[in-house]
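The values are calculated or read from the model by the stated rules, or taken from the named source; none is laboratory data. These numbers were taken from a predicted model, which means no experiment stands behind them. Cβ sites come from the backbone with ideal geometry, for glycine too, and all protein chains shown count toward neighbours. For the accessible areas, the whole protein counts, side chains as well, though only heavy atoms, and no ligand, DNA or RNA atoms are used. Shrake-Rupley method; radii C 1.70, N 1.55, O 1.52, S 1.80 Å.
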Amino acid sequence: MNDLPEGSNNNANDLETLDYLREVKSSTCLLLPMTPSPTPLDFKHPLSEEITEGTFLTLSDDQKMEIKNSGETCGGDSSSSADSNSVVQDPVSAQLINNISMLDYQTLSKNGDIIMGQPEGCKRNGSLSVSNRKLPNFINWNWGIIRKILLWCVLSALVACLGAIVAMVVNIPKTCNPDLPWYQGKVFYEVFPASFKDSNNDGIGDLKGLIKKLDYIKDLGASSIRLNYIFESVNYPEHYYNITSLLAIDRSIGVLKDFQELMTAAHKRDMGVILDIPVESMVESQTSFDTNHTFVFSIEPQENNFDPTSAAIAYWSRAQNVDGFYLKNLENFVDDQNFGKSLQLWKQILGNNKIFIASEAVLERVKGTSLTVLLNRIDLIDVNLNLQNGISGIKDHINHIVSGVLWNKPHHPWVLWNIGNINSERVSSKHQNNTLALTALELILPGTVSIFYGDEIGFGGLSENDIEDDFHEHTYIHNLVPMTFLNDNKNENSASILPWNSKSDLEPRFYYLNIIKYLIELRLNTPTIYLREIYKDGNVLKNMEIRKTEENLIVIERWYPRRNTCVFVGNLDNRPITTDLSTMFYRGTVVAGTNSSLVGEVLYFDKITFPPNSAIIFKLEK
């Protein structure tokens, strides 16, 4: 490399040229010893489209290829050592790249087998080993089938999700009402069986006749039946209160089998059955019981070793599956030393999901620890509304109940409102024109509502002449007139006079039925109306208020969170009343009332006129 070319001159210019060439040549030499100068390389990928003639390597039995590498691996340099004069070796980096590319191509085919002659270190059919390394097994998986399976899995998952969404949408509840016990917020129907329906034409109503009319009661909207005195008595039904046994049904209205059929038929219709049971005794003082004690008794009532009242409660609730009891005359025992103990024992005997009802008189008389027991063992307090003290008297009575002890705790008894019962005068007898308005009034109040049979068609009691002729005979039965039904049987379109009692002094007004049905349906589907209170931060808040207005006009506002406010306006006067309620409310949509033609209309409360003896229920905008 230091030799001068032949024929060179020794002048100064030649020396400078020689020195320059020496520097250039020395700069092109690799630093590695014995490394030849690089030659221009034309890199082409072995799979490029330019290579179209023949295959990259041809395998034949006559041809043997030798792949050289430092470690005798399956891949090596693509150059041949046979012709050393025509081979120009690449730099180390270029050789490494070339060897890797050639190795990849030379060793694998579509199915993963080696496509050229292989040394001992190489294996075929998915177990290829290159430089003592195995290729991953997933290379030989059937990816076509795997892709199809994954596609079907994804599609199935999408279909399943779509189905789940559709099912959720279909099953979304149409209403979001609180889940309450079966007796709260509902409507009860009170019946005196001997005056309701006669099935054997003996002149006295009976249990079989009641069974035939269960659908009538259900269609009205009642969820439970309250049966007035059905027990064996002297001279039943005129003297139904002279009970001789609390464990037997008076044969005038049926036998035990009839009662069992009534229970089965009522429960089949999801209706409860409640008995009026007179309290005749308290638990004996020496009686001891454990709170975890299980009461065992016989189906035969005479074998039960309890006091008369306890034995009756045990028999009818456990053996005959009655759903609850109205504890009549309980107010007469509030001063008994065993009052609280008796209620506790009776509640244990009664069992779960069954109820006790007591009168408002009991609540007013009981005190101290007995009051605490009463509030924890009684489920409903019966409150009768009457017009003896006028409209202002009704307002004061409702406010007194709602502001009283029943609203102090969430678990305290609910109110059972009524405008007529077996112990009171029929509402139509004294307030004939206001029967519908007063029915609408009780159906707007918070709690549970009871309707006395016949009030839904405006029945009155006995005429004044009948009562005056024999006052003593009609003292307790003046309101127990025979019921009348309207159906396809013309023989029942008029009241059948039962021999033991006289008929109502008022003709039935069957058009009341549709109005009352609509009012009951509205109540049962409107939590704003039937719920009695609001629970907030552990406190019990009222959700009603009686607004002060004209003397004979009663305005009740009902509200509940996230619900429309409802307003009841009742004109219980015999003349129209025009008033301005715009300071309280702006406008409302009529949702129910004694005049069904107004339903759906939007009315404004400035100088609004309410017809006489009418009631309207508005729904206000939120």
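Considering the stretch 182-207, and only residues there that are among the acidic types (Asp, Glu) and open to solvent by less than 30 Å² (accessible area, probe 1.4 Å), the residue that is modelled with the lowest pLDDT turns out to be Asp206.
Evaluation of Lys430 against the conditions (1) open to solvent by 20 Å² or more (accessible area, probe 1.4 Å); (2) closer than 24 Å to Leu374 by Cα shows that the sole unmet condition is (2). Do you know which of the residues in the stretch 511-528 that are open to solvent by 40 Å² or more (accessible area, probe 1.4 Å) and within 17 Å of the chain's Cα centre (by Cα) is farthest from Ile217 (Cα to Cα)? The qualifying residue farthest from Ile217 (Cα to Cα) is Asn525. Here the stretch 574-599 is the region considered, the condition is being in contact (Cβ under 8 Å) with a residue 60 or more places away in the chain and of a type outside the set (A, V, I, L, M, F, W, C), and the residue that is surrounded by the fewest Cβ atoms within 10 Å (Cβ to Cβ) is Asn574. Restricting the stretch 208-264 to residues that are touching a residue at least 12 places away in the same chain (Cβ under 8 Å) and among the β-branched types (Val, Ile, Thr), the residue that is most open to solvent (accessible area, probe 1.4 Å) is Thr244. Would you mind stating whether Tyr535 is within 24 Å of Phe188 (Cα to Cα), touching a residue at least 12 places away in the same chain (Cβ under 8 Å) and among the hydroxyl-bearing types (Ser, Thr, Tyr)? Spelling it out, it is not the case that Tyr535 is within 24 Å of Phe188 (Cα to Cα), touching a residue at least 12 places away in the same chain (Cβ under 8 Å) and among the hydroxyl-bearing types (Ser, Thr, Tyr).
Looking at Ala615, is it more than 19 Å from Tyr560 (Cα to Cα), part of a strand (DSSP E or B) and open to solvent by less than 40 Å² (accessible area, probe 1.4 Å)?
Criteria met by Ala615.
Under 30 Å from Asp202 (Cα atoms), open to solvent by 30 Å² or more (accessible area, probe 1.4 Å) and modelled with pLDDT of 90 or more, is that true of Lys268?
yes
When Ile451 is tested against (1) of a type in the set (A, V, I, L, M); (2) crowded, with 24+ Cβ neighbours inside 10 Å; (3) part of a helix (DSSP H, G or I), only condition (3) is not met. Answer yes or no: is there a residue in the stretch 254-266 that is in a loop (DSSP other than H, G, I, E, B) and on the phi > 0 side of the Ramachandran plot. Yes, the stretch 254-266 has at least one match. The residues on offer are Ile225, Ile165, and the sole one that is farther than 30 Å from Pro561 by Cα and outside any loop (DSSP other than H, G, I, E, B) is Ile225.
Taken over the stretch 563-597, residues that are among the aliphatic types (A, V, I, L, M) and closer than 18 Å to Ile444 by Cα amount to 6.
One residue stands out in the stretch 343-368 among those that are of a type in the set (S, T, N, Q) and out of contact with any strand residue (DSSP E or B) (no Cβ under 7 Å at 6 or more places or on another chain): the one that is most open to solvent (accessible area, probe 1.4 Å), namely Asn352.
Looking for something among the hydroxyl-bearing types (Ser, Thr, Tyr), open to solvent by 50 Å² or more (accessible area, probe 1.4 Å) and under 29 Å from Ser582 (Cβ atoms) - is there at least one such residue anywhere in the stretch 545-554? No; the residues of the stretch 545-554 include none that is among the hydroxyl-bearing types (Ser, Thr, Tyr), open to solvent by 50 Å² or more (accessible area, probe 1.4 Å) and under 29 Å from Ser582 (Cβ atoms). For the stretch 555-585, the candidate set comprises residues that are closer than 26 Å to Glu521 by Cα, modelled with pLDDT of 90 or more and assigned to a loop (DSSP other than H, G, I, E, B); within that set, the residue that is nearest to the chain's Cα centre (by Cα) is Tyr560.
Among the residues of the stretch 334-365, which ones are assigned to a helix (DSSP H, G or I) and out of contact with any helix residue (DSSP H, G or I) (no Cβ under 9 Å at 6 or more places or on another chain)? Matches in the stretch 334-365: Gln348 only. Screening Lys542 against (1) surrounded by 20 or more Cβ atoms within 10 Å (Cβ to Cβ); (2) in contact (Cβ under 8 Å) with a residue 40 or more places away in the chain; (3) more than 23 Å from Gly221 (Cβ to Cβ); (4) of a type outside the set (Asp, Glu) leaves a single unmet condition, (1). Just one residue in the set Arg226, Arg251 is under 23 Å from Arg318 (Cβ atoms) and basic (Lys, Arg); that residue is Arg226.
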